[in-house]
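Participant: Before we start, here is the structure in question, set down as structure tokens.
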Amino acid sequence: QVYSFWNDAARSVTIDLCESSFDAYLRIYTGTTFSTPLSGCDDCCSSGYGSKLTLQMAQGTYLIVIDGYNTNEGTYVLKVQCSDPISSSPSPSPYPQPSSGCVPTSNVTAIPNVLFNAYSQEQLT
């Protein structure tokens, strides 16, 4: 599954999949294409096979890719938590509609019909 969000200020952002029921692999891309990977994680939670990343993110659009390691799949809870802005810029807005405060997970936008193959190459369905 692929999600997109808009971050309107430089800040620390934590993306958490620790409550997944499968071996979740997490990747973050800068922008609206899959050409600029920012970071990735497999088995980064304190226990189990979930994934969790904390990154310093500049203002911009990001893609969150949730995939299963190898052919794993299952249910997950995606949590996105933001720190206060590093600069005096306003708080981030959920993409695509602006609002005040941190990006709540419920407002992170799912992008349908994008899958990845075993080599992390984008496959449109």
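Participant: Looking at S20, is it over 22 Å from P85 (Cβ atoms) and either under 10 Å from the mean Cα position of the chain (by Cα) or not hydrophobic (A, V, I, L, M, F, W, C) (or both)?
Facilitator: Against the criterion (over 22 Å from P85 (Cβ atoms) and either under 10 Å from the mean Cα position of the chain (by Cα) or not hydrophobic (A, V, I, L, M, F, W, C) (or both)), S20 qualifies.
Participant: Can you tell which of P96, P92 is closer than 15 Å to R11 by Cα and either touching a His at 6+ places or on another chain (Cβ under 7 Å) or modelled with pLDDT under 85 (or both)?
Facilitator: P92
Participant: From the set of residues in the range 15-25 that are part of a strand (DSSP E or B) and open to solvent by less than 10 Å² (accessible area, probe 1.4 Å), which is farthest from L63 (Cα to Cα)? Let's see the steps before the verdict.
Facilitator: Here is the first cut: in the range 15-25, the ones part of a strand (DSSP E or B) are 15-16, 24-25.
Subset that is open to solvent by less than 10 Å² (accessible area, probe 1.4 Å): 15, 24.
Values: I15: 11, A24: 16 Å.
Ranking the candidates gives A24 first.
Okay, residues lined up against (1) modelled with pLDDT of 90 or more; (2) more than 25 Å from P85 (Cβ to Cβ); (3) surrounded by 18 or more Cβ atoms within 10 Å (Cβ to Cβ):
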{"site": "A10", "(1), (2), (3)": "no, no, no"}
{"site": "V13", "(1), (2), (3)": "no, no, yes"}
{"site": "R27", "(1), (2), (3)": "yes, no, yes"}
{"site": "T30", "(1), (2), (3)": "yes, no, no"}
{"site": "P37", "(1), (2), (3)": "no, no, no"}
{"site": "S46", "(1), (2), (3)": "no, yes, no"}
{"site": "L53", "(1), (2), (3)": "yes, no, yes"}
{"site": "G60", "(1), (2), (3)": "no, no, no"}
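Participant: List pairs: first in the range 4-17 and of a type in the set (D, E), second modelled with pLDDT under 90 and assigned to a strand (DSSP E or B), Cβ under 6 Å, 6+ apart or cross-chain?
Facilitator: Short answer, once both residue conditions are applied: D16/K79.
Participant: On to the next question. Against the definition (in a loop (DSSP other than H, G, I, E, B), out of contact with any strand residue (DSSP E or B) (no Cβ under 9 Å at 6 or more places or on another chain) and not aliphatic (A, V, I, L, M)), how does S35 come out, yes or no? Can you show your working first?
Facilitator: Values: in a loop (DSSP other than H, G, I, E, B): yes; out of contact with any strand residue (DSSP E or B) (no Cβ under 9 Å at 6 or more places or on another chain): no; not aliphatic (A, V, I, L, M): yes.
In short, no.
The values are calculated or read from the model by the stated rules, or taken from the named source; none is laboratory data. It should be emphasised that the depicted structure is a prediction, and the values quoted were computed from it without experimental measurement. We place every Cβ from the backbone using ideal geometry, glycine too, and count neighbours over all the protein chains shown. Only protein heavy atoms, including side chains, enter the accessible area calculation; ligands, DNA and RNA are left aside. Shrake-Rupley method; radii C 1.70, N 1.55, O 1.52, S 1.80 Å.
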